[in-house]
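Q: Can you read through this structure? Questions will come right after.
The values are calculated or read from the model by the stated rules, or taken from the named source; none is laboratory data. Bear in mind that the values here come from a model prediction, so they are computed numbers and not experimental data. Glycine also receives a Cβ, built like all others from the backbone with ideal geometry; neighbour counts cover every protein chain displayed. Side chains are part of the model used for accessible areas, which takes the heavy atoms of the whole protein and leaves out ligands, DNA and RNA. Shrake-Rupley method; radii C 1.70, N 1.55, O 1.52, S 1.80 Å.
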Amino acid sequence: MKAKEKPLTLVPPSEGKASSVFETLSTLPHTPLSEKFRDLGGVNGLALTLEDNRDFVVIEVGADVRRSIVAVKALRERLEDGAVLLAISDDLITLNDVRQLEGAGATKVLPDSISADDLREVVEALTVKERDRSGAPYHRPLGKIITVAQTRGGIGATTVAVNLANELMQETGVFKKKTTKRVALVDLDIQFGSVASFLDIEASDALHQMGAENTEPDALFLQQALTTLTSGLSVLTAPARFMPLDGLTVEQVRAVLELLQAEFDYVVVDLPHALVDWVSGVLEMTDRLMLVTDSSVPAINSAYRLINFFTEDHRDLQIDIIVSHEKKPVVLRKHHTAASKILERPLQGWLPYDPVAAREATDRGQPLARAAGRSPLARSIHKLGQTTLEALSSSTPVVKKETPHV
Ligand SMILES: Nc1ncnc2c1ncn2[C@@H]1O[C@H](COP(=O)(O)OP(=O)(O)OP(=O)(O)O)[C@@H](O)[C@H]1O
Ligand SMILES: [Mg+2]
């Protein structure tokens, strides 16, 4: 079994010894790096803890055990069912205090002298136990799905999908070597998808096989289907072999996305231009759709028709219009205002025409940020990443569903 996703929280700030426990916990698989060593400033930080929907909290028992018992109780009341609440104490704690901490809601009280191996074993056992108790797999907040569509061929939709996925990882640190978010990119342009060549990776046959054998994807499927780049980005490519556009079912597509949502913070989907049946499965799970277009009359007409189609069955779908091949004007021109009025939404993002940078990135098989980081196009994509993140964090969270853990 794999340890669950667990933004780790230490309450109150570590007084020393427990930080080694924390260190070990943070080495377990799939711990978002950014969440390590978070200092919430004691019990007053609880509101923050809970806003973030944590499912794995570590509390250090301070010298005043009473205070820690109150903190455990307060935390437990706000945590979701199945969340693990570990209390780390020094060896001097009395049996009675251990009982009280457990009675208040600590899943387990552990000594700060525990060895790394023992700690791993305990966490492993706990996560299984909690899973069994609630009768459902562990929940972490479901990953957000960002879908990219186009109003015409060649306008830059795949460029947006690939580079937005790269931005959503939120690379930090020296040489941008650390990423804080787990991101998957899925090329559902199953016949003409070009994500694999944009990133210079080999196309996986997984989607072709799933379609041909008519199987439901499972965790194993996903493991085998995904290619993970050195940047940390996980990619499910379109198959190299030709498959019919209707070779996938709505259920299969939905299942793939559910598996990915359970495992990743963000899932970026590159849609085909054609409106095939299973696209509705993607739309119903989409948190935000980027419609990439230019501002010409035919493209805006297509955008209008597409928005009507997309929202017919998915009324609440959030759609952002991304104007490609055009720098953001200082003042909107007449045709921009008209387009915005017809589409009943602002022209949200602008990507300049920048063939040199675009070519450099595709030739090198790298995201723009890496291949041409200072280019106007890379800068605009970065901005788009920022506004998308802001928009996603302010939108209502998707209702949690029970999905198997990969
Ligand atoms: N803003 C831009 N300026 C210049 N060239 C661009 C820009 N965006 C993308 N390109 C280039 O245009 C070509 C098509 O881009 P891309 O594949 O992203 O478009 P698409 O809409 O996904 O096309 P398709 O219809 O093939 O799926 C690529 O060679 C890409 O590098
Ligand atoms: Mg494309």
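Q: Checking the condition open to solvent by 30 Å² or more (accessible area, probe 1.4 Å), under 17 Å from G154 (Cβ atoms) and in contact with a helix residue (DSSP H, G or I) (Cβ under 7 Å, 6 or more places away or on another chain), which residue from A274, A303 passes?
A: Criteria check complete, one pass: A274.
Q: With the structure loaded, tell me whether V256 is within 16 Å of ligand 2 (Cβ to nearest atom), in a helix (DSSP H, G or I) and either out of contact with any Leu (no Cβ under 7 Å at 6 or more places or on another chain) or of a type in the set (V, I, T) (or both) or whether it fails that test.
A: no
Q: Let me ask you something else. Can you run down the residue pairs with Cβ atoms below 7 Å, 6 or more apart or on separate chains, where the first is in the range 279-290 and assigned by TED's automatic domain parsing to the domain that holds I321 and within 11 Å of T311 (Cα to Cα) and the partner is open to solvent by 10 Å² or more (accessible area, probe 1.4 Å) and modelled with pLDDT under 95?
A: What qualifies is S280/D313; L283/H314; E284/H314.
Q: Here's something else I'd like to know. In this structure, is G62 modelled with pLDDT under 75, assigned to a loop (DSSP other than H, G, I, E, B), outside the structural domain of M169 (by TED's automatic domain parsing) and more than 21 Å from the chain's Cα centre (by Cα)?
A: Spelling it out, it is not the case that G62 is modelled with pLDDT under 75, assigned to a loop (DSSP other than H, G, I, E, B), outside the structural domain of M169 (by TED's automatic domain parsing) and more than 21 Å from the chain's Cα centre (by Cα).
Q: A further question on this structure: In the range 335-342, is there at least one residue being in contact with a strand residue (DSSP E or B) (Cβ under 7 Å, 6 or more places away or on another chain) and in contact (Cβ under 8 Å) with a residue 24 or more places away in the chain?
A: yes
Q: Between R333, R315, R288, which is open to solvent by 70 Å² or more (accessible area, probe 1.4 Å) and modelled with pLDDT of 95 or more?
A: Of R333, R315, R288, the one residue that is open to solvent by 70 Å² or more (accessible area, probe 1.4 Å) and modelled with pLDDT of 95 or more is R333.
Q: Separate question: Tell me whether the range 187-195 contains one or more residues that are within 16 Å of ligand 1 (Cβ to nearest atom) and open to solvent by 40 Å² or more (accessible area, probe 1.4 Å).
A: Scanning the range 187-195, I find at least one residue that is within 16 Å of ligand 1 (Cβ to nearest atom) and open to solvent by 40 Å² or more (accessible area, probe 1.4 Å), so the answer is yes.
Q: Among the residues of the range 347-360, write down those that are open to solvent by 80 Å² or more (accessible area, probe 1.4 Å) and either away from ligand 1 (no atom under 16 Å from the Cβ) or not in a helix (DSSP H, G or I) (or both).
A: If the condition is that a residue be open to solvent by 80 Å² or more (accessible area, probe 1.4 Å) and either away from ligand 1 (no atom under 16 Å from the Cβ) or not in a helix (DSSP H, G or I) (or both), then Q348, Y353 are the ones that fit.
Q: For the range 170-195, which residues satisfy the criterion of being of a type in the set (A, V, I, L, M) and either modelled with pLDDT of 95 or more or within 13 Å of ligand 2 (Cβ to nearest atom) (or both)?
A: V183, A184, L185, V186, L188, I190, V195
Q: Mind counting the residues in the range 196-214 that are within 16 Å of ligand 2 (Cβ to nearest atom) and either among the polar types (S, T, N, Q) or open to solvent by less than 30 Å² (accessible area, probe 1.4 Å) (or both)?
A: Residues that pass the stated criteria total 4.
Q: Restricting the first residue to the range 179-196 and requiring it to be in contact (Cβ under 8 Å) with a residue 24 or more places away in the chain and closer than 19 Å to A212 by Cβ, which pairs with a second residue that is near ligand 1 (Cβ under 10 Å from one of its atoms) and β-branched (V, I, T) meet a Cβ separation below 6 Å and a spacing of at least six or different chains?
A: Taking only residues 6 or more apart or on different chains, the pairs are D187/V195.
Q: Now for a separate question. Within the range 91-113, is even one residue β-branched (V, I, T), at pLDDT 75 or above, in a helix (DSSP H, G or I) and out of contact with any Ser or Thr (no Cβ under 9 Å at 6 or more places or on another chain)?
A: no
Q: To continue, here is another question. So is V235 at pLDDT 95 or above and under 19 Å from A165 (Cα atoms) or not?
A: yes
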